[in-house]
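The values are calculated or read from the model by the stated rules, or taken from the named source; none is laboratory data. Because the structure is predicted, anything quoted here is derived from the model rather than measured. Cβ: placed from backbone, ideal geometry, glycine included. Neighbour counts: every protein chain shown.
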Amino acid sequence: MNSKNRTPSFSSNVNRMVKRAMKVLNVESGVAKAIMSCNSILQVRFPVDIRGKVEVFTGWRATHSTHRLPAKGGMRYAPIVSQDEVEALAALMTYKCAIVDVPFGGSKGGLQINPADYSRDEMELITRRFSRELVRKGFLSPSTNVPAPDMGTGEREMAWIADTYKHLHPEDINYAACVTGKPVHHGGIRGRKEATGRGVVYAIREFFRNPEDVKGVGLNGGLGDKHIIIQGLGNVGYHAAKLLQEEDCVRIIAIIERDGALYNEKGLQVERVKQYINEHKTIRGYPDAQFIEDGNSMLEHECDILIPAAMESQITADNADRIKTHLIVEAANGPVTFDADEILNHKGITILPDAYVNAGGVTVSYFEWIRNLAHIRFGRMERRYEELRGEIELSALENLTGKEVPTSVYKQLARGADEFDLVRSGLDDTMRLAYQEMRETFKADDRITDLRTAAYVVAVKKISRSYYDIGVY
Ligand code: GLU
């Protein structure tokens, strides 16, 4: 509980959701406690000289679980970062990794800072100093704890973290694997930047591949032309909305941002809105849309799919009753509180849960980590070989039929997969399999009445197995 206003904290929201699944599984109370508690949490306070004045920064790195190593999770830079938030996000990482079968424990880090207040050079100084603290205290290395981008951080910060680790451990040949989400020319992997957003899209597509599920939420037909409202046009929201619009032909009727919302029943052009934000630092004044001052009121507007892709605790007991969508797709971590979740379940609104929906980021991080340990880009060995095989097969086909294969088809078939193709294929496969596992779990047990509980049943089953198999030492 948050002592001031008695609203449950983020971490207690996560725990209450997990407990619902543990009840179904009848997990022994000791094991349940062991799974839910955060293994270790590091708090650091460090001084940095900023424009001739010493400023003290506070940061955290929480390791929620180490049943698999390394522990994995993003690094958040925001003014409102707190220990509770970092612990809740670390716990979500544990469950997320288990749901998509990524063999990592769960971790998360945060730094209390508003990046907009500092120059690029100052951010580098602060990030390098923070990284040194993490390395020294055993919270950053390729084998134990591997950060990644999150809110307020990106490729730039990851490159500084990797470089700091490398300087402190010049003998570690696997140094690049100490962090994921790096720029491609610094050992990153193609497709990591948009991975979480793309994973969200793959999750929605898989849902629509199951007509029974689509009917179950009161919708019909395919994804095309569905009316979607999205909250947050950050890295996750932007890529998800853009792909959905460009590849699936959905209609993005509203975009909710920090300073308000844009609404257009005919659909908004995601790329244009993003460019407008980059230029003006606000959505205010964007042409071709109605501006709504109270942005969050648009969460309550009628739509087919609502995608909260911004912050935690956006749908709470206060507004849950007024939500009018068919399907909520949680692209953000923890956008729906426990109480809101219960209300929405009661109302019959289906939720595709965060621990499944936004697992695309860590999935591609896993590919990047493997690529760093293997010291080779995916597809490097086989790409030309596949291309050659395709050419041989096509010319055999042309000889046998006496007909020429159209150039566009020829180009597609006589082509070896590059890193982009392989990352997308691996991500798509992961999201499809995880959906099916969650769905089957949901269908198999009458006591499981929502997909979130099903997802946590899947996760807890896998995690508790490692406790039972190996024991507690
Ligand atoms: N920050 C992302 C998340 O919340 C990615 C974590 C990772 O790649 O380790 O899932």
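Table for the structure above
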quantity	calculated
Some residue of the stretch 118-141 being at negative phi, touching an Asp or Glu at 6+ places or on another chain (Cβ under 6 Å), modelled with pLDDT of 95 or more and within 14 Å of the ligand (Cβ to nearest atom)	no
Lone qualifier among 154, 181 - being within 15 Å of the ligand (Cβ to nearest atom), in contact (Cβ under 8 Å) with a residue 12 or more places away in the chain and either touching a Lys or Arg at 6+ places or on another chain (Cβ under 7 Å) or acidic (Asp, Glu) (or both)	181
Residue list for the stretch 68-88, filter: crowded, with 24+ Cβ neighbours inside 10 Å and either more than 20 Å from the chain's Cα centre (by Cα) or part of a strand (DSSP E or B) (or both)	71, 72, 73, 74, 75, 76, 77
Among the residues listed as 372, 319, the single one being more than 15 Å from residue 200 (Cβ to Cβ), within 15 Å of the ligand (Cβ to nearest atom) and surrounded by fewer than 24 Cβ atoms within 10 Å (Cβ to Cβ)	372
Any chance residue 211 is surrounded by fewer than 16 Cβ atoms within 10 Å (Cβ to Cβ) and within 16 Å of the ligand (Cβ to nearest atom)	no
Residue selected from the stretch 97-117 under the condition part of a strand (DSSP E or B) and within 16 Å of the ligand (Cβ to nearest atom), by the criterion farthest from the chain's Cα centre (by Cα)	111
Single match in 442, 378 (criterion: without any contact (Cβ under 8 Å) to a residue 40 or more places away in the chain, of a type in the set (Phe, Trp, Tyr) and surrounded by 15 or more Cβ atoms within 10 Å (Cβ to Cβ))	442
Conditions (1) surrounded by 14 or more Cβ atoms within 10 Å (Cβ to Cβ); (2) part of a helix (DSSP H, G or I): number failed by residue 448	(2)
Tally of residues being assigned to a loop (DSSP other than H, G, I, E, B) and more than 13 Å from residue 201 (Cβ to Cβ) across the stretch 237-278	8
Odd one out for residue 184 among (1) surrounded by fewer than 21 Cβ atoms within 10 Å (Cβ to Cβ); (2) β-branched (Val, Ile, Thr); (3) within 17 Å of the chain's Cα centre (by Cα)	(3)
Candidate set: the stretch 381-418, residues that are assigned to a loop (DSSP other than H, G, I, E, B) and surrounded by 13 or more Cβ atoms within 10 Å (Cβ to Cβ); chosen: the one farthest from the ligand (Cβ to nearest atom)	405
The one condition in (1) within 19 Å of residue 15 (Cβ to Cβ); (2) over 23 Å from the mean Cα position of the chain (by Cα) that residue 333 fails to fulfil	(2)
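Residues checked against (1) of a type outside the set (Asp, Glu); (2) at pLDDT 95 or above; (3) not in a loop (DSSP other than H, G, I, E, B):
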residue	(1), (2), (3)
5	yes, no, no
11	yes, yes, yes
16	yes, yes, yes
20	yes, yes, yes
30	yes, no, yes
35	yes, yes, yes
38	yes, yes, no
48	yes, yes, yes
